[in-house]
Amino acid sequence: MMEQSWLNLKNEVVVITGALGGMGKKIAQEFAEQGAQLALVDLHEENLANYAVQLADQFGVKVNSYVCNSTIEAQVDALAEKVKQDFGRIDVLVNTAAILKFSLLEDLPFEEWKQVIDVNLNGYFLVSQRIGRVMIEQKSGRMVHVSTIASISPETYSGAYSPSKAGVNMMSKQMAAEWGQYGLRSNCVLPCFVKTPLSASFYADPEVEEGRKRLTANKRIGDVQDIANAVLYLASKRSDYTNGHELRVEGGFGIMMGDQVPKPGGRKQYAINSRPENQK
């Protein structure tokens, strides 16, 4: 948990999509700990209502639940109107809803391609546009979209996942470029090698986890707390001069390409053996 006084998120009104997902639940909990007021959005009415009550009771904050399919315009219109009516304003939007379906591109059914694009990109756009209109009217607002490192380096055999998330990154930039003049900010968080419900199966094999650790500078796999920390920072006014940006949460994976290139005896040992004092 971060210091409440540093982030200054108390009483901020925060809308979170995909609020029942592994990332969404953790992000919602962290905002609640900061004293924010929450509008939780997901598809499963009973579970969503129960989680809202749990957070409200635990942290003493206002938490409302809203059932909404983010790909249906009428439902998103109703969501934006109802949240504004219930809270009076909207300070922060966090988009986390996403799906991932593995496939070789040559075998990918077009319907599956469209489904992933619809949820991962179209849904983000609809919610952001409708909530954005509220923020433009009030001349302030912050948006944080959970994307992925796979948006800039293809996740092979993941069907439409990488293209859909690449679209999210550019959408966020365009929103920042067009809406910055109205006091809005839009940024992305790009996780990689983080244990979430979406990626849990990747780490069932210990050898896979160890292999992935070796690809990071930190030599560890991240968790949803790492993502939540980045989201809360970008959602706070502490990041007020950061707009249209992508914050990587990947343990230094992006800088380790050179470290993966083999050398005789291993890169570290090769350097040690090359020292004059170690020459025979």
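The values are calculated or read from the model by the stated rules, or taken from the named source; none is laboratory data. Because the structure is predicted, anything quoted here is derived from the model rather than measured. Backbone-built Cβ (ideal geometry, glycine too); neighbour counts: all protein chains shown.
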With the structure loaded, tell me whether A98 is among the small types (G, A, S) and outside any helix (DSSP H, G or I) or whether it fails that test.
yes
Tell me, which residue of the stretch 119-170 that is surrounded by fewer than 24 Cβ atoms within 10 Å (Cβ to Cβ), charged (D, E, K, R) and touching a helix residue (DSSP H, G or I) at 6+ places or on another chain (Cβ under 8 Å) is modelled with the lowest pLDDT?
E155
Among the residues of the stretch 232-265, which ones are in a helix (DSSP H, G or I), within 18 Å of the chain's Cα centre (by Cα) and more than 29 Å from V14 (Cα to Cα)?
F253, G254
Would you be able to tell me the number of residues in the stretch 131-171 that are touching a residue at least 12 places away in the same chain (Cβ under 8 Å) and charged (D, E, K, R)?
4
Where residues in the stretch 77-90 are assigned to a helix (DSSP H, G or I) and among the small types (G, A, S), which of them is surrounded by the fewest Cβ atoms within 10 Å (Cβ to Cβ)?
A78
Considering only helices (runs of 4 or more DSSP H) fully contained in the stretch 1-76, which possess at least 2 residues that are farther than 18 Å from R142 by Cβ, at pLDDT 95 or above and touching a Lys or Arg at 6+ places or on another chain (Cβ under 9 Å)?
45-59
